[in-house]
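Written out below as structure tokens is the structure these notes cover.
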Amino acid sequence: MHAVIMEGLRVLARVGVLEEERKLGTWIEVDATVEMGGTSFAGDSIHETVDYTWVAQTATQIAMEESRTLEHYCDLVAQELLSHDLAVEVEVTARKRTAPCAYAVDAFGVTVSRAKRQR
């Protein structure tokens, strides 16, 4: 098994419990891992793997949709990444570094993992 990873994608997302967060957007940081089955790389072709720019594009496009929670956003991204023919398992993490709260933290975040069912 092998995986394609994306770390630290920063995107302006319409994610938040507060209406202002969804209306104006809030910056989030996204990581994703897409695990694939026993693919051979003998042909040295992009068709033998998951294109990591597609991973970033997917996370960015879904960020434009309104979500109240990071859990919902991560689940939408995970479901879309898992739809790739080669994907067998995915993990998506999203963090808010500027969450509207009265606590001094570096970030709040969520991780969602999804896997295809064995047939």
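Using the crude model of +1 on Lys and Arg Cβ and -1 on Asp and Glu Cβ, and no other charge, please compute the dipole size for segment 2-115 relative to its Cα centre, in debye to 20.
Details: 9 positive and 19 negative charges, 101 e Å.
With Lys and Arg at +1 and Asp and Glu at -1, about 480 debye.
Could you check the spin-label model distance between Ala104 and Thr60? Points 7 Å from the Cα along Cα→Cβ, value in nm.
That separation, rounded to one decimal, is 3.5 nm.
Any idea which of Leu18, Thr93, Val77 is furthest toward the positive side of the dipole for the chain, if Lys and Arg beta-carbons carry +1 and Asp and Glu beta-carbons -1?
So the residue we want is Leu18.
Can you tell me the orientation of helix 52-63 relative to the chain, as the angle in degrees between its alpha-carbon axis and the longest Cα principal axis, to the nearest 10?
30 degrees
None of the figures in this text is laboratory data; all of them are computed from the coordinates on show. Note that this is a predicted model, so its numbers are computed, not measured. As a convention, Cβ positions derive from the backbone with ideal geometry for all residues, glycine included, and neighbour counts pool all protein chains shown.
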